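Chemist: Before I ask anything, let me first share the structure, which is written out below as structure tokens.
The values are calculated or read from the model by the stated rules, or taken from the named source; none is laboratory data. What you see is a predicted model; the values in this text were computed from it and never measured. Please note: Cβ atoms are built from the backbone with ideal geometry, for glycine as well, and neighbour counts cover all protein chains shown. Ligands, DNA and RNA are excluded from the accessible area calculation, which covers all protein heavy atoms including side chains. Shrake-Rupley method; radii C 1.70, N 1.55, O 1.52, S 1.80 Å.
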Amino acid sequence: MGVMQRSIYCLTTDGHFSNSCSTDLKPEGRRMCQAGKCEFPQSCTDVQRLKGFMEDGDHILNIQGKRVKIYCADMLTDSPREYITLTGGDSENFSEVYGYRLHNPAECPYNGSRRDDCQCRRDYLAAGYSTFRKVRLDVNTLQIITTDLFFAQTLEGRPVPFATAGDCYSAARCPQGQFSINLAGTGLRVSESTRWISQGNYAVVQIQRLMNGAKVTGKCGGYCGKCIPHSGTGLHVQLL
């Protein structure tokens with residue numbers, strides 16, 4: 001089963017919008033239909049095939065049988081792409097590789113909290129801070145493509161992929177790099193099967209899942225180290 005929809009307007013005989021039409025005479029705007037008799041797009045390529053080339057924008061797609069609002073980009077090209085709009089904003093969706101390094105990496109001062117007046121030098125060349133307004137979604141595998149930075153903004157240093165954090169701060173299990181994911185309002189959550197792995201020396205990974213997986217935060221780092229989603233699962237999401 002599916003749903004056919006159409007837009008209905010009241011017009012005058014010369015084609016102008018009007019409010020004078022009787023609601024009793026208004027035809028139905030949507031109805032159920034059998035498979036094969038209607039078609040509901042499952043990708044931005046489907047939208048383009050059904051409606052033609054158009055400006056980028058939001059569309060409702062059928063993702064594994066559920067209606068999900070997806071932002072379609074590159075709709076004037078032959079290769080449209082699907083993105084999730086992060087309604088939590090870029091303050092809730094960011095990735096950081098912290099730039100400070102302790103003079104004595106064997107320490108973890110201030111009980112692991114971050115302070116700008118630490119006995120540090122700020123010279124880690126891999127440091128960076130990126131925020132995200134939208135992230136790309138593979139609608140077939142339901143994996144977020146963390147390395148797509150088309151709707152990201154790098155505010156400091158080098159670009160950092162989504163769901164990634166690290167530092168070169170300390171060798172004493174004292175991570176300072178942070179990331180945040182907030183999928184609230186998107187109809188998606190981070191799958192329980194998604195795992196993060198550490199890379200580098202003395203690397204530590206601390207992951208916290210909140211709001212039933214709609215929000216995930218991480219603190220990661222080492223000397224030098226970082227965390228990324230496990231390559232076996234990627235950043236897999238689920239429909240609510």
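Chemist: Using 0.36 nm times the number of residues separating GLU55 and ASP116, minus their current alpha carbon distance, what extension gain do you get?
Modeler: Working it through step by step, the gained length comes to 17.4 nm.
Chemist: Return one whole number: the accessible area per residue of the chain in Å², for a 1.4 Å probe.
Modeler: In whole numbers, the chain has 56 Å² accessible per residue.
Chemist: Expressed as a whole percentage, what fraction of the accessible surface of the chain belongs to carbon and sulfur atoms when a 1.4 Å probe is rolled over the protein heavy atoms?
Modeler: Carbon and sulfur together cover 47 percent of it.
Chemist: Taking a label point 7 Å from the Cα of SER191 along the Cα→Cβ vector, which residues of segment 222-240 have an amide N closer than 20 Å to it?
Modeler: Only 228-240 pass the distance filter.
Chemist: Same structure again: May I ask you to list the aspartates and glutamates whose Cα is less than 13 Å away from that of LYS226, ignoring any residue fewer than eight positions away on the same chain?
Modeler: Output for LYS226: GLU96, ASP167.
Chemist: How high is the relative contact order of segment 101-147, given as a whole-number percent (alpha carbon pairs under 8 Å, six or more residues apart)?
Modeler: For segment 101-147, the relative contact order is 29 percent.
Chemist: Show which lysines lie in cross-link reach of LYS134 when reach means a straight Cα distance below 16 angstrom and same-chain residues fewer than eight apart are skipped.
Modeler: LYS69, LYS215
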